[in-house]
1. What number of residues within the range 39-54 are open to solvent by 40 Å² or more (accessible area, probe 1.4 Å) and within 16 Å of THR3 (Cα to Cα)?
2. What residue, of GLY83, GLY49, GLY53, is of a type outside the set (Lys, Arg), in contact with a Leu (Cβ under 8 Å, 6 or more places away or on another chain) and modelled with pLDDT of 95 or more?
3. Which residues, counting only those in the range 55-102, are in a loop (DSSP other than H, G, I, E, B), within 22 Å of MET117 (Cβ to Cβ) and open to solvent by less than 30 Å² (accessible area, probe 1.4 Å)?
4. Anything in the range 121-163 that is at pLDDT below 90 and open to solvent by less than 50 Å² (accessible area, probe 1.4 Å)? List them, or say none.
5. Can you tell me which residue within the range 1-39, out of those that are in a strand (DSSP E or B) and among the acidic types (Asp, Glu), is nearest to the chain's Cα centre (by Cα)?
6. Just to verify a result, which residue in the range 18-32, among those that are touching a strand residue (DSSP E or B) at 6+ places or on another chain (Cβ under 7 Å) and not aliphatic (A, V, I, L, M), is surrounded by the most Cβ atoms within 10 Å (Cβ to Cβ)?
7. Kindly indicate whether any position in the range 57-79 is closer than 20 Å to ALA18 by Cβ and modelled with pLDDT of 95 or more.
8. Do you know which residues across the range 61-72 are β-branched (Val, Ile, Thr) and either free of Cβ contacts under 8 Å to residues at least 24 places away in the same chain or under 21 Å from GLY39 (Cβ atoms) (or both)?
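The values are calculated or read from the model by the stated rules, or taken from the named source; none is laboratory data. Not measured: the values here are computed from a predicted model. Every residue, glycine as well, gets a Cβ built from its backbone with ideal geometry; the counts of neighbours run over all protein chains shown. For the accessible areas, the whole protein counts, side chains as well, though only heavy atoms, and no ligand, DNA or RNA atoms are used. Shrake-Rupley method; radii C 1.70, N 1.55, O 1.52, S 1.80 Å.
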Amino acid sequence: MSTQLVVDVGDLVGHPEAVREVSGAVPVSLRLGDVTVKGPMEVEGNVIGTVDGVIARFRARAPAHFVCVRCLTEWDGDIEAEGAQHYSRVPDEDGYAIVDRQIDLTGPATDELALSMPAVPVCRPDCKGLCPICGTDLNTNPCDGHGEDSDSPFAVLKDLFDS
Ligand SMILES: [Zn+2]
Ligand SMILES: [Zn+2]
């Protein structure tokens, strides 16, 4: 496995039948809210020649650290993504192009990985979260809800409205 994602495609351009397998890993560091991706991004796929360039199809995976937005539980997992990128000698809107017969998959693979990061990570779909008043983890400990508890900020509000 290569330690970079640069591929020589000089012999693929203009040969629509030509295919080259690609695999490699590059360092990546991304953060979106409570999700952090840190470590090698592994990429594998293939590059296919077209009339005026190449198309790269790829799968990317990287280790990630998550924090549940509801109960603050932390865990490690993987972020995975799939994508495709067309390259020609003319840069596209993201600036990706064939330069000196080579393409670099790092940018497109990182873009797809970033798009696959969950904006609102939850440890499980039915996570009950923490009690907003006492901080009890409601997944493991039921909380009485502090209905008429005088320590509750809602009780203070209630007194204000009653007076
Ligand atoms: Zn949770
Ligand atoms: Zn509580």
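1. Residues that pass the stated criteria total 3.
2. GLY49
3. Within the range 55-102, CYS68, CYS71 qualify.
4. Once the filter is applied, which keeps residues that are at pLDDT below 90 and open to solvent by less than 50 Å² (accessible area, probe 1.4 Å), the range 121-163 yields CYS143, GLY145, HIS146, SER152, ALA155.
5. GLU21
6. GLY24
7. Checking the range 57-79: at least one residue is closer than 20 Å to ALA18 by Cβ and modelled with pLDDT of 95 or more.
8. VAL67
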